[in-house]
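Worksheet for the structure shown next.
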Amino acid sequence: MAKSKAKQPDFLAKPINAMTESEWESLCDGCGLCCQIRVEDEDTEEIALSNVACRFLCLETNRCSDYANRKSNVPDCVKVTPETVMQLDWLPHSCGYRLVAFGMPLPSWHHLICGDAKRVHSRGPSMLGSLISEDDADWEAA
């Protein structure tokens, strides 16, 4: 991934565990990749990405429709925190949380750099328009 030459937000100079919750949460770029359901092959234990999103991912905005209650709605939903980010090896390499945790700059399409929250959908790794809702999935036919 090419390093971003754009000015990074000042708060990124802090250690991740010193960031405020709102600073940390602002790192989410809205790509939807972490809401894409992974399926495990029972025989090989291999993990594969599906074309299905968590039922709470709004397919029009690529944001959780009940973010505040996501853990009670989906018990296996993983909250990315400064304490857990380094262990979450399934996060995409473009993830703002991951990039910052590994000391990398945010890409030019990230909303904190360009000021446009929708740019991830045209220039980044967005899943907008590529997923169906878990409510609409026909798991038996797969």
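From its DSSP helices (H runs of at least four residues, each -39,500 (n - 2.57)), the chain gives a residue-normalised ellipticity at 222 nm of -3000 deg cm²/dmol. Excluding same-chain neighbours fewer than eight residues apart, the aspartates and glutamates reachable from Lys118 by a Cα-Cα span under 13 Å are Asp29, Glu60. Scoring 82-90, 34-42 by mean Cβ neighbours within 10 Å over their residues and listing the highest first yields 34-42, 82-90. DSSP beta bridges fully contained in the chain are about 75 percent antiparallel. The ranking of Phe56, Phe11, Phe102 by Cβ neighbour count inside 10 Å, starting from the fewest, reads Phe102, Phe11, Phe56. By the equivalent-ellipsoid construction on the alpha carbon gyration tensor, the chain comes out with semi-axes of 27, 17, 15 Å, ordered largest to smallest. A cut-off under 11 angstrom between Cβ atoms defines the neighbours of Thr81, and their net charge, with Lys, Arg +1 and Asp, Glu -1, is -2.
Values quoted throughout were computed directly from the atomic coordinates according to the rules given, and no laboratory measurement underlies them. All values derive from a computational prediction rather than experimental measurement. Neighbour counts run over all protein chains shown; Cβ positions are idealised from the backbone, glycine included.
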